[in-house]
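The values are calculated or read from the model by the stated rules, or taken from the named source; none is laboratory data. Just so you know, these numbers come straight off a predicted model, no measurement behind them. Counting neighbours? That spans all protein chains shown, and the Cβs are built from the backbone with ideal geometry, glycine included.
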Amino acid sequence: MRGLAVIALVALGCTKPHVPGENVLVIISDDIGEDRTGVYAVEGADTFTPNLDALAAEGVRFTNVYSNPTCSPSRSTLMTGRYATRHGVGRWIFPRTEEYDLNLDELTIPEMLDQHAEGSYTSAAVGKWHMVRFSRANPQRHPLQQGFAHHRGGLANPLDATNDENRPRSYTNWQKNVDGNLSWSETYMTTDTTNEALTMIEELPEPWFLWVAYNAAHTPLHVPPDDLNPMGVTEDSSEYDLYDADTLAWDMELGRLLDGIDPEMREELTIVYLADNGTPDHAIRAPYDSARHKATTYEGGVRVPMIVTGPHVTEPGSVSSALVNFTDLFPTLADIANVDVETLTYTDGARRGEAVELDGFSLLPYLEDPATPSEREFLFTEAFYPNGPGPYEYRRRTVRTATHKLRREEANGGKVFNEYYYRLEDGAIDEGNPISLDTASAEDRAAFDALLAEMDRLAADLSFDW
């Protein structure tokens, strides 16, 4: 039996030989940040992720992982290994009105595995997609055009649909895509994603890459089905309690997915879990700051959980403080599949035959030795609107090191109107108060100068490629 690899993020370079054709599984939750994840949250915080916490005991837990501030850019960055400026998706996609989505010319993970990996990979996507605009011809085929043999799930969020504008929509009444064919489903969305993932694990020929993206705990907040509602919430429950109930229902379905994998296969499986962005403001509780939420470039908006388990992990239950970016998933999976990323070229469009410029590193060294020093000195993430090549109405960028952080806000085509500097406390999700350059120590000032230089370098070097 070939090994299974479920992955979530990061790529640095492999240090030992790997079995050709390992299966790969990526699991993504929606809007469940570090503050709502048990093994990450501060002591005493209420969390509802027991199955995810148990998974952390089997693998490496990463504590400095940067996503994008919202879902569509995060997914596009994961899929391509490239910063948002390069692929052009800088904010969540409004599918019915959007003019830009993930370009078909991009080289995606499934295309890379199919065209370059040892073994003949089959890729499937289950659950939330949210990388396509509905004005595109046959949007339901977008996942298939991006290299997946199957897509079974929603094209975006539960309330989004390509037609039937007046039809009520919810987690139990939503438009489902099955390999390019649309229909309406009344199966609870979270349960449906687990059902389809288990079906794919049984049916896909090995080796395979399986992308499992849950919609939970994204809005609309709701009462889960009775068998997934041990908290007993009702429609009259608070937003806080409904969010917690929806998170627990997701965690229960995550447990069913993991328990449904054959134990022998599970031993050989590398599971990578990650959240797509931080927690939304309506779900953040004290002692966390509800103003530092999803859609912002505060740590609470972009620093997310990531856990990796499997045969490449040598110290189960360990922690890595390496600086990890969502761009790292692509090169990590390439490393597992014995693909040399330096040889990758574009296969479609005007750039056909040109080298692919990636922004990540392989994470395998951290799985083999969690104490491995961080490959990168700086973490970077960004948000902008509108999607595409610009000019942008707004742009938010963040660069940080292990100890310091710079947040920059721009508007009106690039005019900088705010810059904030922070000294990061070890392990804290909150940055604390900004530091004034006028009163900064010599050590802090030197750190901020380095951050500013890196921010300016990225602003000059990154450009929309298409």
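Tabulated data for the structure shown
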item: Of the criteria (1) β-branched (Val, Ile, Thr); (2) closer than 30 Å to residue 85 by Cβ; (3) out of contact with any His (no Cβ under 9 Å at 6 or more places or on another chain); (4) not in a loop (DSSP other than H, G, I, E, B), which one residue 193 fails; result: (2)
item: Count - residues of the stretch 264-292 that are under 22 Å from residue 254 (Cα atoms), over 18 Å from the mean Cα position of the chain (by Cα) and among the polar types (S, T, N, Q); result: 0
item: Cross-chain or 6+ apart pairs with Cβ under 6 Å, the stretch 452-464 first and among the acidic types (Asp, Glu), then surrounded by 12 or more Cβ atoms within 10 Å (Cβ to Cβ); result: 454/378; 454/399
item: Count - residues of the stretch 325-358 that are of a type outside the set (A, V, I, L, M, F, W, C) and outside any helix (DSSP H, G or I); result: 13
item: Scan of the stretch 342-354 for residues that are without any contact (Cβ under 8 Å) to a residue 40 or more places away in the chain and crowded, with 20+ Cβ neighbours inside 10 Å, ordered by number; result: none
item: Matching option when the condition is outside the structural domain of residue 65 (by TED's automatic domain parsing), among the polar types (S, T, N, Q) and closer than 18 Å to residue 300 by Cβ, among 439, 398; result: 398
item: Residue within the stretch 122-143 that is farther than 22 Å from residue 276 by Cα, among the hydroxyl-bearing types (Ser, Thr, Tyr), touching a strand residue (DSSP E or B) at 6+ places or on another chain (Cβ under 6 Å) and in the same structural domain as residue 246 (by TED's automatic domain parsing) present; result: yes
item: Subset of the stretch 260-292 [over 23 Å from residue 223 (Cα atoms) and not in a loop (DSSP other than H, G, I, E, B)]; result: 263, 264, 265, 266, 267, 269, 270, 271, 272, 273, 274
item: Residue check for residue 297: farther than 28 Å from residue 42 by Cβ, among the polar types (S, T, N, Q) and at pLDDT 95 or above; result: no
item: The listed residue being over 19 Å from the mean Cα position of the chain (by Cα) and small (Gly, Ala, Ser), out of 149, 156, 125; result: 149
item: Residue 329 vs. criteria surrounded by fewer than 24 Cβ atoms within 10 Å (Cβ to Cβ), on the phi < 0 side of the Ramachandran plot and in contact (Cβ under 8 Å) with a residue 60 or more places away in the chain; result: no
item: Residue that is aliphatic (A, V, I, L, M), part of a helix (DSSP H, G or I) and free of Cβ contacts under 8 Å to residues at least 40 places away in the same chain, where the choices are 257, 242; result: 242
item: Subset of the stretch 355-412 that is within 16 Å of residue 448 (Cα to Cα) and among the hydrophobic types (A, V, I, L, M, F, W, C) - its residue that is surrounded by the most Cβ atoms within 10 Å (Cβ to Cβ); result: 399
item: Residue among 187, 122, 162, 199 that alone is closer than 30 Å to residue 341 by Cβ and β-branched (Val, Ile, Thr); result: 122
item: Verdict on residue 202 being surrounded by fewer than 20 Cβ atoms within 10 Å (Cβ to Cβ), assigned by TED's automatic domain parsing to the domain that holds residue 130, more than 24 Å from the chain's Cα centre (by Cα) and assigned to a helix (DSSP H, G or I); result: yes
item: Residues of the stretch 397-438 satisfying the condition of being in a strand (DSSP E or B) and among the hydrophobic types (A, V, I, L, M, F, W, C); result: 399, 406, 411, 416, 417
item: Residue within the stretch 378-388 that is over 22 Å from the mean Cα position of the chain (by Cα) and of a type outside the set (A, V, I, L, M) present; result: no
item: Residues satisfying the stated conditions in the stretch 132-147, i.e. buried (at least 24 other Cβ atoms within 10 Å of the Cβ) and more than 22 Å from residue 184 (Cβ to Cβ); result: 146
item: Number of the exception - residue 262 against (1) touching a helix residue (DSSP H, G or I) at 6+ places or on another chain (Cβ under 9 Å); (2) within 17 Å of residue 148 (Cβ to Cβ); result: (2)
